[in-house]
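Here is the structure we will look at, set down as structure tokens.
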Amino acid sequence: MKEVLLDANFPRDATGATYHVGTRPGQVANRIITVGDQLRARRIAAHFDGGAASFEFQSQRSFLTLTGTFKGVPLTVVSVGMGFSVIDFFLRECRAVVEGEMIIVRLGSCGSIDPSIPIGSVVVPLTSYGITREYDYFHPLTTAEERATGAMEPYKVTKPLDCDREIHDSLLRALEESTPEAAKAHFGGVAPRSVGEVVNGSTDSFYSSQGRTSIDFLDANANLIDVLRQRHSISTLEMETFVLNHLALSANLASANRASESGAVVADEALTTNDSRRIRTGAVQMIFANRHTSAFITPEEVHLLEDWAGKAVCESLASLEIPLEHTHKDG
Ligand code: R1P
């Protein structure tokens, strides 16, 4: 960031560019695909009209924004990196530069802890849980009794939170309509499969809270995968979708409160609000790893899944209506 920043509460420069993502009004579309990986972002943008983005910005903090059109509809891909905190930067700063309703779809990779969902599958989660390390479980002042009785457990699991049902259904339909039959040679003779209504867990670590064991750290996670399967029916683990759903809920609550005279709107009402700054979310996740068999996808298979899922997400987003949509201008 070379420019002078103007507001310590929400830092922006004189052109309106945000502090970390670095984009300003006119550069980000209402329909956004967010990914963790810059190569994946560029593969998706290759489906844009003309085969490339018409606007590109790489921020000093490694957020890459690519904006163009798909079948004439403005679309943006933002590569954000990994984890809860980058979703917070991404969503708050994109919200600040976009007028009107936003639709945001995460196209990510994930691991499967469900034996019925092998690598090469592409899943559309409906529900996500947040799974975080309980830092105090490891604290020297926590007693052995608290640990032994289960008064304190090493990992916390939130209540489940759904994405937008219409977006879920649209994403699943777009994937099903474009299943790459020709790719079956790469997936043991079976064409990769899409699966809807999947229950996902988003974790605050790739390692401890996903049940990967270590001799270098005390993580108390040897039975975590079994707990997540048995108590919560979780099938997939990744690191962002729950936070995306949570922040969309938080934005919709704020919108509903602005519209309400009493200012006391509850979550159920926020989900049905039709406020012009509503945020709707969805996710598509490619299964790269199988935690039962330890299988990992090959780079060639990654490319095939990213092409299939990337195009399907563009098709889905371009087909979804946004009420009172503002005209997008590159700038
Ligand atoms: C970990 O390797 C990363 O891969 C998954 C996880 O959510 C985490 O961000 O998603 P992406 O491939 O989209 O980054």
Among the residues of region 155-167, is any over 21 Å from His303 (Cα atoms) and among the aromatic types (Phe, Trp, Tyr)? yes
Identify the single condition in (1) crowded, with 17+ Cβ neighbours inside 10 Å; (2) assigned to a loop (DSSP other than H, G, I, E, B) that Ser214 does not satisfy, given that it satisfies every other one. (1)
Looking for whichever is more than 16 Å from the ligand (Cβ to nearest atom), part of a loop (DSSP other than H, G, I, E, B) and either on the phi < 0 side of the Ramachandran plot or of a type in the set (Val, Ile, Thr) (or both) here; the options are Asp169, Asp114. Which one fits? Asp114
Kindly check whether there is at least one residue in region 9-31 that is within 16 Å of the ligand (Cβ to nearest atom) and either surrounded by 14 or more Cβ atoms within 10 Å (Cβ to Cβ) or in a loop (DSSP other than H, G, I, E, B) (or both). no
Are any of the residues in region 174-182 among the β-branched types (Val, Ile, Thr), in a strand (DSSP E or B) and either more than 16 Å from the ligand (Cβ to nearest atom) or over 23 Å from Met239 (Cβ atoms) (or both)? no
Taking the condition touching a Phe, Trp or Tyr at 6+ places or on another chain (Cβ under 6 Å), outside any helix (DSSP H, G or I), surrounded by 24 or more Cβ atoms within 10 Å (Cβ to Cβ) and not acidic (Asp, Glu), does Thr76 pass? no
Tell me, please, whether a residue that is aliphatic (A, V, I, L, M) and modelled with pLDDT under 95 can be found in region 193-207. no
Log entry, pairs with first residue in region 200-212 being without any contact (Cβ under 8 Å) to a residue 24 or more places away in the chain, second being more than 10 Å from the ligand (Cβ to nearest atom), beta carbons closer than 7 Å, six or more apart or on different chains, reads Tyr207/Ser214
Number of the exception - Asn221 against (1) touching a residue at least 40 places away in the same chain (Cβ under 8 Å); (2) part of a helix (DSSP H, G or I); (3) away from the ligand (no atom under 16 Å from the Cβ); (4) of a type outside the set (Ser, Thr, Tyr): (2)
Tell me which residues, restricted to region 281-303, are more than 15 Å from the ligand (Cβ to nearest atom) and at pLDDT 90 or above. Thr298, Glu300
Go through region 110-140 and give me each residue that's among the hydroxyl-bearing types (Ser, Thr, Tyr) and more than 28 Å from Glu153 (Cα to Cα). Ser116, Ser121
Neighbours by Cβ (under 8 Å, 6+ apart or cross-chain): first from region 277-292, of a type in the set (Gly, Ala, Ser); second part of a loop (DSSP other than H, G, I, E, B): Gly282/Cys163; Gly282/Asp164; Ala283/Cys163; Ala289/Ile119; Ala289/Ala295; Ala289/Ile297
Taking first residues from region 70-98 that are more than 19 Å from Asp13 (Cα to Cα) and within 12 Å of the ligand (Cβ to nearest atom) and second residues anywhere that are among the basic types (Lys, Arg) and part of a loop (DSSP other than H, G, I, E, B), the pairs with Cβ under 7 Å that are 6 or more apart or on different chains are none
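The values are calculated or read from the model by the stated rules, or taken from the named source; none is laboratory data. Everything quoted here is computed from the prediction, not taken from an experiment. We place every Cβ from the backbone using ideal geometry, glycine too, and count neighbours over all the protein chains shown.
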